[in-house]
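**Student:** Submitted below is the structure of interest, expressed as structure tokens.
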Amino acid sequence: MPLLSASLGKEAMDNFHRLRKIQDRKKLKNEELQFHETAVRSPPSQVLEDGGPDAISHGMPTLDLHLARLSIGHQAMASAIPESWCAKESAIGSDSIMNALDSTIRSHRAGSTAAHSLRVRLTVGPSHAVSLVTSDMPSVSQMKLLVSIDDRPTTYQGDPFLLTKTTHRTHYDHTRLRHGATYEPKEGDIFDVLMYNESRQITETTISNVAVRRKRQPAFSKDENGLIYPWITPRLSCGLLNGVRRQFLLKQHEIVEGIIMLDDLLTNIRQSSDLLSILVIIGVE
């Protein structure tokens, strides 16, 4: 006899899956729940080469947003998962991260003969453990990247891992696996997957926030001041991870929030819509 009957109904099934998520969270090991941030640092100017806080933040316009997201994420996980280390420890201070950044960037520059942009990957774990890895920015490929549309909705409600940037990416990884997405695509390979919620509202991809531009309907993007914004990004209420580049572009008034329906996108994308991946690491501005 099956444990679950089809006659249970949607509400009972939702409760079952919610319980399973709670049980899975309790099994999380400390190393599986760490906060992860990735940023780009442009070459410093000659004036700022001597170091200090200004030198570190120079060329990293989103650094403050990354630091704020780490603090907010820690508080969110402490509240959502009382059994986690986040509920037992205070959030790491920005000074500790800045000191680690200073040391890591100096070390990288000491072994380099030319000024260039860096990709900085930061991971924060229990006991304020900080891991920093720097690498040279890869060249941007001119190849067209294919994005698949998910074949099922994503349930964001009650799942803190879909709203907070951590190293626990089970849902995203499973979604990519189902579509055969690869981080090193060749011509014709799927690179990413576009996700949507149970109301069929576009949310994000597995690795990035998104925005849509409607070429033939610019009035759709007007705000209360009558200004036209060509790019529309899904609202937070749709369910998504609030990316740092997304926050930055909103503050710069380069994108505006809105509701993007999947069916509407499917109808218009071939004729009058563009899709933008708001991902700082691949250099989208």
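**Student:** Under 6 Å between Cβ atoms, at least 6 apart or on separate chains: pull out the pairs that start in the range 71-93 with a residue that is within 15 Å of PRO160 (Cα to Cα) and among the hydroxyl-bearing types (Ser, Thr, Tyr) and end on any residue that is surrounded by 14 or more Cβ atoms within 10 Å (Cβ to Cβ) and modelled with pLDDT of 90 or more.
**Tutor:** Matching pairs, first to second residue: SER71/ALA91; SER84/MET77.
**Student:** Scan the range 181-190 and tell me whether some residue there is under 23 Å from ARG69 (Cα atoms), surrounded by 12 or more Cβ atoms within 10 Å (Cβ to Cβ) and aliphatic (A, V, I, L, M). First the steps, then the outcome.
**Tutor:** Initially, the range 181-190 is screened for residues under 23 Å from ARG69 (Cα atoms), giving none.
No: zero hits.
**Student:** Let me ask something else. Between a residue in the range 228-252 that is in contact (Cβ under 8 Å) with a residue 40 or more places away in the chain and within 18 Å of LEU163 (Cα to Cα) and any residue that is outside any helix (DSSP H, G or I) and among the small types (Gly, Ala, Ser), which pairs come within a Cβ distance under 6 Å, given they are 6 or more apart or on different chains?
**Tutor:** Listed by first residue and then by second, the contacts come to THR233/ALA211.
The values are calculated or read from the model by the stated rules, or taken from the named source; none is laboratory data. Model, not experiment: these values are computed from the prediction. Methodologically, a virtual Cβ is constructed for each residue, glycine included, from the backbone with ideal geometry; neighbour enumeration extends over all protein chains shown.
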